[in-house]
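The values are calculated or read from the model by the stated rules, or taken from the named source; none is laboratory data. Model, not experiment: these values are computed from the prediction. All Cβ positions, even for glycine, are placed from backbone atoms using ideal geometry, and neighbour counts span all protein chains on display. Areas reflect the complete protein model, heavy atoms only, side chains present, ligands, DNA and RNA absent. Shrake-Rupley method; radii C 1.70, N 1.55, O 1.52, S 1.80 Å.
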Amino acid sequence: REWIYDEDVVKLQERESIRLLINYGLHKIEDKYHLYDFLIKELDDIQFTTPVYRDIFDLFKEELDRGKVIDAEFLLNADSPEIRQEVVNLVSEKYELSSNWGDLFHIHVPKETEILKDLVFTNILRLKFRVIRKLIGQNMKDLKMADTNEEQYKHQKIHDQLKRSEMEIAKLLGNVAV
(Lines give C-alpha, C1' and ligand atoms only; values in the text may rest on other atoms or scores of the structure.)
Protein backbone atom coordinates (compact mmCIF):
# COMPACT_ATOMS: atom_id res chain seq x y z
CA ARG A 1 0.00 0.00 0.00
CA GLU A 2 2.84 2.41 0.81
CA TRP A 3 4.28 2.03 -2.70
CA ILE A 4 0.93 3.00 -4.25
CA TYR A 5 0.77 6.01 -1.94
CA ASP A 6 4.27 7.07 -2.99
CA GLU A 7 3.28 6.72 -6.66
CA ASP A 8 0.30 9.02 -6.13
CA VAL A 9 2.37 11.59 -4.27
CA VAL A 10 5.10 11.51 -6.94
CA LYS A 11 2.43 12.13 -9.57
CA LEU A 12 1.14 15.17 -7.65
CA GLN A 13 4.66 16.59 -7.34
CA GLU A 14 5.31 16.00 -11.03
CA ARG A 15 2.06 17.81 -11.79
CA GLU A 16 3.08 20.78 -9.67
CA SER A 17 6.49 20.94 -11.37
CA ILE A 18 4.89 21.05 -14.80
CA ARG A 19 2.29 23.57 -13.62
CA LEU A 20 5.05 25.89 -12.45
CA LEU A 21 6.98 25.38 -15.68
CA ILE A 22 3.97 26.17 -17.87
CA ASN A 23 2.59 29.07 -15.85
CA TYR A 24 5.82 30.76 -14.77
CA GLY A 25 8.57 29.42 -17.04
CA LEU A 26 9.18 32.82 -18.62
CA HIS A 27 9.39 34.66 -15.27
CA LYS A 28 12.85 35.82 -14.31
CA ILE A 29 14.09 34.50 -10.99
CA GLU A 30 17.47 36.17 -11.26
CA ASP A 31 18.60 39.02 -13.48
CA LYS A 32 19.73 36.67 -16.22
CA TYR A 33 17.85 33.43 -15.46
CA HIS A 34 14.34 32.40 -16.27
CA LEU A 35 12.43 29.94 -14.16
CA TYR A 36 12.49 27.36 -16.98
CA ASP A 37 16.33 27.38 -16.90
CA PHE A 38 16.36 26.53 -13.21
CA LEU A 39 13.53 23.98 -13.32
CA ILE A 40 14.87 22.09 -16.32
CA LYS A 41 18.40 21.99 -14.92
CA GLU A 42 17.23 20.77 -11.51
CA LEU A 43 14.76 18.21 -12.84
CA ASP A 44 16.87 16.85 -15.68
CA ASP A 45 18.00 13.90 -13.55
CA ILE A 46 14.41 13.03 -12.58
CA GLN A 47 12.61 10.45 -14.68
CA PHE A 48 8.97 11.57 -14.76
CA THR A 49 6.72 8.55 -14.25
CA THR A 50 3.46 10.13 -15.40
CA PRO A 51 3.43 9.94 -19.22
CA VAL A 52 1.73 13.28 -19.93
CA TYR A 53 4.07 15.18 -17.58
CA ARG A 54 7.09 13.40 -19.03
CA ASP A 55 5.90 14.34 -22.54
CA ILE A 56 5.42 18.01 -21.61
CA PHE A 57 8.81 18.17 -19.88
CA ASP A 58 10.53 16.50 -22.85
CA LEU A 59 8.79 18.88 -25.25
CA PHE A 60 10.08 21.87 -23.25
CA LYS A 61 13.62 20.49 -23.40
CA GLU A 62 13.43 19.65 -27.12
CA GLU A 63 12.18 23.11 -28.04
CA LEU A 64 14.82 24.76 -25.83
CA ASP A 65 17.48 22.72 -27.62
CA ARG A 66 16.14 24.25 -30.85
CA GLY A 67 16.44 27.70 -29.30
CA LYS A 68 12.72 28.17 -28.78
CA VAL A 69 11.07 28.86 -25.44
CA ILE A 70 7.54 27.52 -25.32
CA ASP A 71 4.55 28.47 -23.22
CA ALA A 72 0.98 27.35 -22.55
CA GLU A 73 -0.21 28.67 -25.91
CA PHE A 74 2.32 26.50 -27.74
CA LEU A 75 1.25 23.45 -25.72
CA LEU A 76 -2.44 24.13 -26.33
CA ASN A 77 -1.69 23.57 -30.02
CA ALA A 78 0.23 20.32 -29.43
CA ASP A 79 -0.65 17.24 -31.45
CA SER A 80 -1.45 15.22 -28.34
CA PRO A 81 -4.98 15.65 -26.96
CA GLU A 82 -3.69 14.47 -23.55
CA ILE A 83 -1.15 17.31 -23.47
CA ARG A 84 -3.75 19.86 -24.56
CA GLN A 85 -6.25 18.73 -21.90
CA GLU A 86 -3.66 18.66 -19.13
CA VAL A 87 -2.41 22.13 -20.05
CA VAL A 88 -5.97 23.46 -19.83
CA ASN A 89 -6.22 21.93 -16.34
CA LEU A 90 -2.86 23.35 -15.28
CA VAL A 91 -3.40 26.92 -16.45
CA SER A 92 -6.98 27.25 -15.19
CA GLU A 93 -7.29 29.02 -11.86
CA LYS A 94 -9.47 26.90 -9.62
CA TYR A 95 -10.03 29.49 -6.89
CA GLU A 96 -10.09 33.23 -6.62
CA LEU A 97 -8.92 34.93 -3.46
CA SER A 98 -11.45 37.26 -1.93
CA SER A 99 -10.40 40.91 -1.77
CA ASN A 100 -11.83 40.91 1.78
CA TRP A 101 -8.61 39.44 3.11
CA GLY A 102 -6.79 42.65 2.31
CA ASP A 103 -9.62 45.18 2.38
CA LEU A 104 -11.50 44.15 5.51
CA PHE A 105 -9.07 42.03 7.48
CA HIS A 106 -5.81 43.73 6.43
CA ILE A 107 -4.18 40.37 5.83
CA HIS A 108 -1.71 40.20 2.97
CA VAL A 109 -1.85 36.87 1.18
CA PRO A 110 1.17 36.66 -1.12
CA LYS A 111 0.62 35.86 -4.77
CA GLU A 112 2.55 32.97 -6.27
CA THR A 113 4.67 35.36 -8.29
CA GLU A 114 5.83 37.03 -5.05
CA ILE A 115 7.16 33.78 -3.60
CA LEU A 116 8.00 32.01 -6.84
CA LYS A 117 11.67 31.30 -6.16
CA ASP A 118 10.93 29.64 -2.80
CA LEU A 119 7.91 27.85 -4.24
CA VAL A 120 9.94 26.35 -7.07
CA PHE A 121 12.87 25.38 -4.83
CA THR A 122 10.54 23.67 -2.34
CA ASN A 123 8.66 21.88 -5.11
CA ILE A 124 11.88 20.51 -6.59
CA LEU A 125 13.01 19.26 -3.20
CA ARG A 126 9.62 17.65 -2.53
CA LEU A 127 9.65 15.90 -5.89
CA LYS A 128 13.17 14.59 -5.35
CA PHE A 129 12.22 13.52 -1.80
CA ARG A 130 9.19 11.58 -3.07
CA VAL A 131 11.18 9.94 -5.87
CA ILE A 132 13.82 8.84 -3.36
CA ARG A 133 11.12 7.45 -1.06
CA LYS A 134 9.71 5.49 -3.99
CA LEU A 135 13.18 4.16 -4.85
CA ILE A 136 13.71 3.13 -1.22
CA GLY A 137 10.48 1.14 -1.34
CA GLN A 138 11.44 -0.55 -4.59
CA ASN A 139 14.93 -1.31 -3.30
CA MET A 140 13.52 -2.83 -0.09
CA LYS A 141 11.38 -5.18 -2.17
CA ASP A 142 14.46 -6.13 -4.17
CA LEU A 143 16.42 -6.68 -0.95
CA LYS A 144 13.75 -9.06 0.35
CA MET A 145 13.92 -11.02 -2.91
CA ALA A 146 17.74 -11.17 -2.99
CA ASP A 147 19.03 -14.73 -3.06
CA THR A 148 22.74 -14.25 -2.48
CA ASN A 149 24.83 -12.37 0.05
CA GLU A 150 26.25 -10.29 -2.81
CA GLU A 151 22.79 -9.22 -3.91
CA GLN A 152 21.80 -8.41 -0.31
CA TYR A 153 24.99 -6.40 0.17
CA LYS A 154 24.38 -4.48 -3.09
CA HIS A 155 20.83 -3.57 -2.07
CA GLN A 156 21.94 -2.62 1.44
CA LYS A 157 24.54 -0.23 -0.01
CA ILE A 158 21.88 1.28 -2.29
CA HIS A 159 19.56 1.61 0.69
CA ASP A 160 22.22 3.43 2.71
CA GLN A 161 22.87 5.89 -0.14
CA LEU A 162 19.17 6.54 -0.67
CA LYS A 163 18.58 7.07 3.07
CA ARG A 164 21.43 9.59 3.21
CA SER A 165 19.92 11.49 0.28
CA GLU A 166 16.46 11.30 1.85
CA MET A 167 17.76 12.72 5.15
CA GLU A 168 19.64 15.56 3.41
CA ILE A 169 16.54 16.65 1.51
CA ALA A 170 14.30 16.15 4.56
CA LYS A 171 16.58 18.47 6.53
CA LEU A 172 16.30 21.16 3.82
CA LEU A 173 12.51 20.77 3.84
CA GLY A 174 12.30 20.78 7.63
CA ASN A 175 10.94 17.21 7.63
CA VAL A 176 11.94 14.40 9.94
CA ALA A 177 13.02 11.30 8.03
CA VAL A 178 13.38 8.02 9.87
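The table below gives the values:
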quantity: Every residue from segment 83-101 that is open to solvent by less than 60 Å² (accessible area, probe 1.4 Å) and among the charged types (D, E, K, R); calculated: 86
quantity: Qualifying residue in segment 8-26 (condition: among the acidic types (Asp, Glu), within 21 Å of the chain's Cα centre (by Cα), at pLDDT below 95 and outside any helix (DSSP H, G or I)); calculated: no
quantity: Segment 51-75, subset over 25 Å from residue 127 (Cα atoms) and not acidic (Asp, Glu), residue surrounded by the fewest Cβ atoms within 10 Å (Cβ to Cβ); calculated: 67
quantity: Only listed residue being buried (at least 17 other Cβ atoms within 10 Å of the Cβ) and aliphatic (A, V, I, L, M), chosen from 125, 104; calculated: 125
quantity: All positions within segment 142-165 that are of a type in the set (D, E, K, R), farther than 26 Å from residue 15 by Cα and touching a residue at least 12 places away in the same chain (Cβ under 8 Å); calculated: 142
quantity: Filter result for residue 69 (in contact with a Gly (Cβ under 9 Å, 6 or more places away or on another chain) and either of a type in the set (A, V, I, L, M, F, W, C) or assigned to a loop (DSSP other than H, G, I, E, B) (or both)); calculated: yes
quantity: Of all residues making up segment 94-134, the number that are more than 18 Å from residue 37 (Cα to Cα), assigned to a helix (DSSP H, G or I) and among the aliphatic types (A, V, I, L, M); calculated: 2
quantity: Residue ID - least open to solvent (accessible area, probe 1.4 Å), chosen from residues in segment 128-150 that are out of contact with any Leu (no Cβ under 7 Å at 6 or more places or on another chain) and among the β-branched types (Val, Ile, Thr); calculated: 131
quantity: Selection count where residues are among the small types (Gly, Ala, Ser) and not in a helix (DSSP H, G or I), scope segment 135-159; calculated: 1
quantity: Some residue of segment 37-48 being more than 13 Å from the chain's Cα centre (by Cα) and more than 25 Å from residue 133 (Cβ to Cβ); calculated: yes
